Amino acid sequence: IKNFIMDAKHVVGVGNIYASEACWRARVSPRRRAGRTSRATCAALASAIKDVLQEAVDAGGTTLRDFVGGDSAPGYFQQRLDVYARAGQPCHRCADGVVVKAVLGQRMTYWCPRCQR
């Protein structure tokens with residue numbers, strides 16, 4: 001599903017970080033097959049994508065290294081990341097799960113295997 005939502009033929013504007021975060025919020029495993037996703041799950045994922053993108057815009061984006069926006073300010077959404085770049089740390093939602101990482105579609109992907117199915 002993560003590769004599907006990152007493909008601009010299907011969804012525009014969702015990058016790697018935001019795809020991991022949206023999947024986490026929707027409780028969807030990024031490894032789930034897109035064709036095996038219910039309408040309810042698709043609706044939850046669409047809502048999560050919109051929320052993540054809006055919050056990222058409101059926070060000025062996501063600065064991971066030395067990027068700054070047009071106003072020379074860094075993006076602060078990275079302070080709100082729930083799974084991205086948090087491998088080995090406890091899940092912010094279930095606390096019993098540990099965030100894992102793997103490469104999907106040549107991109108690093110992060111998720112909680114306990115609460116994302």
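The values are calculated or read from the model by the stated rules, or taken from the named source; none is laboratory data. Nothing here was measured: the structure is a model prediction, and the numbers come from that model. Ideal geometry is used to build each Cβ from the backbone, glycine not excepted, and the neighbour counts take in all protein chains shown. What goes into the accessible areas is simple: the full protein's heavy atoms, side chains included, and nothing from ligands, DNA or RNA. Shrake-Rupley method; radii C 1.70, N 1.55, O 1.52, S 1.80 Å.
Can you name the helices (runs of 4 or more DSSP H) wholly within region 1-59 that have at least 2 residues being of a type in the set (Gly, Ala, Ser)?
16-25, 39-58
If the Cβ limit is 6 Å and pairs must be 6+ apart or interchain, which residue in region 104-117 that is without any contact (Cβ under 8 Å) to a residue 40 or more places away in the chain pairs with which residue that is open to solvent by less than 40 Å² (accessible area, probe 1.4 Å) and assigned to a loop (DSSP other than H, G, I, E, B)?
Filtered contacts from region 104-117: 114/94; 114/97.
If you check every pair at least six apart or on different chains, which have Cβ atoms under 8 Å apart with a residue in region 48-61 that is β-branched (Val, Ile, Thr) first and a residue that is open to solvent by 40 Å² or more (accessible area, probe 1.4 Å) and modelled with pLDDT of 85 or more second?
49/18; 52/18; 52/25
Please go through (1) in contact with a strand residue (DSSP E or B) (Cβ under 7 Å, 6 or more places away or on another chain); (2) more than 24 Å from residue 87 (Cβ to Cβ) for residue 17 and return the number of the only condition it doesn't satisfy.
Only one criterion is unmet by residue 17, namely (2).
Only one of 51, 58 is closer than 12 Å to residue 21 by Cα and either among the aromatic types (Phe, Trp, Tyr) or at pLDDT 80 or above (or both); which?
Going through 51, 58 in turn, the sole match is 51.
Would you confirm whether or not region 15-23 contains a residue that is among the acidic types (Asp, Glu), open to solvent by less than 40 Å² (accessible area, probe 1.4 Å) and either at pLDDT 90 or above or touching a Ser or Thr at 6+ places or on another chain (Cβ under 6 Å) (or both)?
There is at least one residue in region 15-23 that is among the acidic types (Asp, Glu), open to solvent by less than 40 Å² (accessible area, probe 1.4 Å) and either at pLDDT 90 or above or touching a Ser or Thr at 6+ places or on another chain (Cβ under 6 Å) (or both).
Would you tally the residues in region 22-40 being under 8 Å from the mean Cα position of the chain (by Cα) and either free of Cβ contacts under 8 Å to residues at least 12 places away in the same chain or within 16 Å of residue 105 (Cβ to Cβ) (or both)?
Looking only at that region, the number is 2.
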